[in-house]
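K.L.:
Can you read through this structure? Questions will come right after.
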Amino acid sequence: MTDFDIIIIGAGPAGMSAALTAANGGLDVLLLDEQPHAGGQIYRNVKQNHSKQSWFGKSYSSGINLVDALNHIKITKCFGATVWRVEANKRVLWSQNGESKVSTAVHIVLANGAQERPFPFPGWTLPGVMTIGSAQILMKSSGIFPKDSVLVGSGPLLYLVATQMIEANCPPKALLETQTLRMMINSLIHLPKALLNMKSLIMGFMFIYKIKSAGVPRYKSVSRLEAQSSVNGSIKFLFSHKGIRKSLTTKLLLIHQGVIPSTEISRSVGVDHSWNTSQLAFQPIIDKWGKTNIDGLYIAGDCGGINGSEAAVLYGKIVATKILYETGKINFNLYKKQSFSISFSLFFTNSIRLFLDTLFAVPQETLSPSDETIVCRCEEKTVGEIKLGLNEGITGVRQLKASIRSGMGQCQGRMCDAIVRGIMLNNISQNDINILAPKARSPIKPITLGELSKMKLD
Amino acid sequence: MKTDSRFKTLIKSTNDVNFTLFGEIVTVPKGTTLAAAILSNFGEASRITETGALRTAFCMMGVCFDCLVEVDGNPNIQSCMVLVHDQMVVKRQIGLRSIGISKDD
C-alpha cells in the first residue's frame, strides 16, 4: 500500500496542471515544492501579488487560476519541501523544516523545471553581477527592482524582464545582446513554422517595441565580455561592439543566456539522458506521454527539455491523462480524445521552438570562455585549469571532477556542468569525449546529518 | 565600507519583521526571503570564499549556493531558500564552514 497514487515534484506550470488533472480524475496527489508558495519561477508569488499593483503583465497574472485550483481535496501540498532522493521503486525522500520524510506512490512525476544556463565570462562572480532570472524573482517575490541596471545576454527573458522593469519605472540603462546577425539569418528557415504560434511572436515584438519606445539603448552582437569591480561596489563592464572596445559602469549587471533543464533528480534516479544538439543541454529521454525508461516515473515540463511555460501546462496534462488511463480512471475513448486535443495544442505551441533556439543561439565564447574565467563558482576553478587537465589526457567529467575539483562544491555541479561540457567539446577530439550525462547522486540537495537522523522510517 | 543596495524597494508593507543582519537591526516585510532582505539592505558581499573572493546571491532559486550565510549559529544556509523571521541573527559566511556541531545538529 502506498501513501499516494502520484507524487509530483515541482509546483510550477507543469506540476500544477498535472496535479489538477490527476486530482480531478480521482487520484490522490502529493505535490512537493522547494519554494514557500505554488507557481514555480514563472508564476512566482502570483497569489501574493494578486491584489497589488502588477508590472508583470497578463500572462503572469493568469497563473493565479492554476494556483487557486490547487485547493483540491485530493491534493496534499507541501511547500518548503526539498526532495533529496527519488528511488526507482517510487519512494521519495524529502526534507522540510529540518526533518526528513519518506513518501511512497505508484507513480512519480518529475516537474522540477529549469535553471538559467550558466553564462561565464571574466568577473561573472563579482558582487553586483546576478542573473536576469534572479532579478525577476526579486521583483515578483519581494517588490524590489534593479537600480540603473545593465542587461547582458540573449533570450526571450531578456526582453520580458526589460519590459517589466520599464513598466515599473525602473528601466535598464542598456541592453547588450550577444545575438549576431548570423543567428538571425540562421533562424529564418524556421520562421514559417514559428508563424503557427503567432501569439508568442507578437508578444515578442511587443516587448521589443516597448523597449525601443522607452529609449533604452540596445547594442547587438556584443562579444569579449568582462566585468571588473569599480568604485563604491559598481561594476565596470567591458565589451566589444562593432570592432570597438567599449565600457559601461553600473550598480547591477544582469546576465542571461537562456535556460536548461534541471536534470539532477532524473539523472540520480537512473533515467536515460541524451544531448539536445539545438538547445546544447542534456535532457531525459521521454516519449510523448512523458514516460521514462523507469516504470511509473514520468517527466513533465521544462525539466524534460525547454519548451516554455505554456507547453509545460500541456505536458503536465498529458502525463496525468496517461496515468489516469493506466490506473483505469478514464476509458480508452476519453483518453484518446483528451490526449489528441492536448497534442494538437502542443504542436502549435512548440512550433516556435526551433526558431527561438536558433535566434537566441548560445555564443561560442559562452561555450568555451577565456582561460581566466571561473568555471566552477564553488571551488573557484578556471577554464585554464580545466584545459590543463584535458591536455593531460582527461576525457570525462568524472576524471575532471576527481583531479581538478570542478563540480565538487556545494552546488553539486549545477553551475559548471554545462560549461565544462562546452570546454570539452571545443578542446578535445570528438571521438575521445565521453558524452554520457554526468552522474548525479543523492542527496541531490545538501542536507545535514541532523535532518537525516530525524527521519522516521516505518 | 558599506555599499548601498543595488535595488529600489517599490512595494512597501506594514507587516514587518525585525532581525539582526550583519550586525545591524533591519526591518523587512514578512514573507521576504533572507537573500532578498540582504540585497535590499546591503550592496556588498554576503559571503567570502575560501580564497577571499567576495560573493552575493546570484540565482535566487536555490541552484548556485553563492548566497550561503550563517543563520542563528548555523552555517551553510541558502539565504534565497529561507524566509526571514523576528529575532533572526544573520552573519556573513567567511570561508568554508568549520567542522563541528552546528546549533540544530
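Readers should treat all values here as calculations from the given coordinates under stated rules, not as data from a laboratory. Keep in mind that what you see is a predicted model, and the values were worked out from it rather than measured. Counting neighbours? That spans all protein chains shown, and the Cβs are built from the backbone with ideal geometry, glycine included.
K.L.:
If packing is taken as the average count of other Cβ atoms within 10 Å, what order do A:206-219, A:133-146, B:68-81, A:272-285 fall into, highest mean first? List each step's numbers first, then the result.
P.N.:
On the way: A:206-219: 14.6, A:133-146: 24.4, B:68-81: 20.4, A:272-285: 17.4.
Peptide ranking by packing, descending: A:133-146, B:68-81, A:272-285, A:206-219.
K.L.:
Sorted by average packing, counted as other Cβ atoms within 10 angstrom per residue and highest first, what order do A:301-308, A:384-391 take? Could you put the intermediate results ahead of the total?
P.N.:
Numbers: A:301-308: 26.5, A:384-391: 17.5.
The packing order, highest mean first, is A:301-308, A:384-391.
K.L.:
Could you state the orientation-averaged shadow area of the convex hull built on the Cα atoms of the protein assembly as shown, in nm² to one decimal? Numbers along the way, then the final one.
P.N.:
Details: hull surface 101.2 nm².
Mean orientational projected area (the protein assembly as shown, Cα hull): 25.3 nm².
K.L.:
Where both residues lie in segment A:118-257, what percent of DSSP beta bridges are antiparallel, nearest 5?
P.N.:
On the way: 12 of 27 bridges.
Looking only at bridges with both residues in segment A:118-257, the antiparallel portion is about 45 percent.
K.L.:
If you restrict to DSSP beta bridges whose two residues both lie in the protein assembly as shown, what percentage is antiparallel, to the nearest 5? Present the calculation step by step, with values, prior to reporting the outcome.
P.N.:
Values: 50 of 86 bridges.
Counting DSSP beta bridges with both partners in the protein assembly as shown, the antiparallel share is about 60 percent.
K.L.:
Under the 0.36 nm per residue contour assumption, what length would be gained going from the current alpha-carbon distance of A:K454 and A:S240 to full extension?
P.N.:
Numbers: separation 214, 0.36 × 214 = 77.04 nm, distance 5.46 nm.
Here the segment from A:K454 to A:S240 would lengthen by 71.6 nm.
K.L.:
Moving to a separate point now. About the Cα centre of the protein assembly as shown, what is the dipole size in debye to 20, counting +1 per Lys and Arg Cβ and -1 per Asp and Glu Cβ, all else neutral?
P.N.:
The calculated dipole for the protein assembly as shown is roughly 1300 debye.
K.L.:
Further, regarding this structure: Report the residues of segment B:73-87 in range of a label on B:I25: point 7 Å along Cα→C-beta, backbone N strictly under 16 Å from it.
P.N.:
Within reach of a label on B:I25: B:85-87.
K.L.:
Still on this structure: Please list log₁₀ I(q)/I(0) at q = 0.14, 0.17, 0.25 Å⁻¹ for segment B:16-94, using the Debye equation with identical point scatterers on the alpha-carbon positions.
P.N.:
Once normalised to I(0) and log-transformed, intensities are -0.37, -0.56, -1.24.
K.L.:
Could you run the Karplus curve 6.51 cos²θ - 1.76 cosθ + 1.60 with θ = phi - 60° over segment A:354-365 and give me ³J(HN,Hα) per residue in whole Hz, x for Gly and Pro?
P.N.:
4, 4, 5, 4, 7, 5, 10, 4, 6, x, 4, 6
K.L.:
Given 0.36 nm per residue, what is the gain on full extension from A:A88 to A:T277 after removing their alpha carbon distance, in nm?
P.N.:
Computed gain between A:A88 and A:T277 is 65.3 nm.
K.L.:
Can you list, by residue number, the Cys in chain A that have no neighbouring cysteine C-beta under 4.7 Å?
P.N.:
So far as the 4.7 Å Cβ criterion goes, A:C78, A:C170, A:C303, A:C378, A:C411 stand without a partner in chain A.
K.L.:
What is the distance in Å between the Cα centres of segment B:1-56 and segment A:105-143?
P.N.:
18 Å
K.L.:
Over all distinct alpha-carbon pairs, what is the Kirkwood Rh of segment A:368-432 in angstrom? Walk me through the intermediate numbers first.
P.N.:
Numbers: mean 1/r = 0.0879 Å⁻¹.
Computed over segment A:368-432, the radius equals 11.4 Å.
K.L.:
For an R0 of 41 angstrom, estimate the FRET efficiency from the Cβ-Cβ distance between A:T2 and A:T249 and round to the nearest 0.05. Walk me through the numbers before you get to the answer.
P.N.:
Numbers: r = 58 Å, r/R0 = 1.41.
Working from the Cβ atoms, E equals 0.10.
K.L.:
Work out how much length A:S229 to A:N427 would gain on full extension: take 0.36 nm times their residue separation and subtract the Cα-Cα distance, in nm to one decimal. Could the numbers behind the result be given before it?
P.N.:
Details: separation 198, 0.36 × 198 = 71.28 nm, distance 3.01 nm.
Full-extension gain reported as 68.3 nm.
K.L.:
Would you mind giving the mean number of other chain beta-carbons within 10 Å of the Cβ of each residue in A:136-149, as a whole number?
P.N.:
Values: counts 1, 8, 10, 3, 0, 7, 16, 11, 13, 5, 4, 6, 2, 2.
Mean shielding by partner chains, rounded to a whole number: 6.
K.L.:
For chain A, what is the calculated [θ] at 222 nm in deg cm²/dmol (nearest 500), taking -39500 (n - 2.57) for each run of four or more DSSP H residues and dividing by its residue count? The partial results should precede the final answer.
P.N.:
Numbers: 17 runs with 160 residues, N = 458.
Taking each H run of at least 4 residues, the total per residue is -10000 deg cm²/dmol.
K.L.:
I've got another one for you. Which whole-Hz ³J(HN,Hα) couplings does segment A:131-145 yield from phi under the Karplus relation 6.51 cos²θ - 1.76 cosθ + 1.60, θ = phi - 60°, glycine and proline marked x?
P.N.:
Karplus-based 3J(HN,Hα) across segment A:131-145 equals 8, 5, x, 5, 5, 5, 4, 5, 5, 6, 8, 10, x, 10, 10 Hz.
K.L.:
Run the reach check for B:K2 against lysines, Cα to Cα strictly under 21 Å, same-chain hits fewer than 8 apart removed. What comes back?
P.N.:
Partners within reach: A:K147, A:K236, A:K251, B:K91.
K.L.:
Taking the Cβ-Cβ separation of A:K199 and A:S343 as r and a Förster radius of 22 Å, what is the calculated FRET efficiency to the nearest 0.05? Show your work: numbers first, answer last.
P.N.:
Numbers: r = 18 Å, r/R0 = 0.84.
With R0 = 22 Å, the Cβ-Cβ based efficiency is 0.75.
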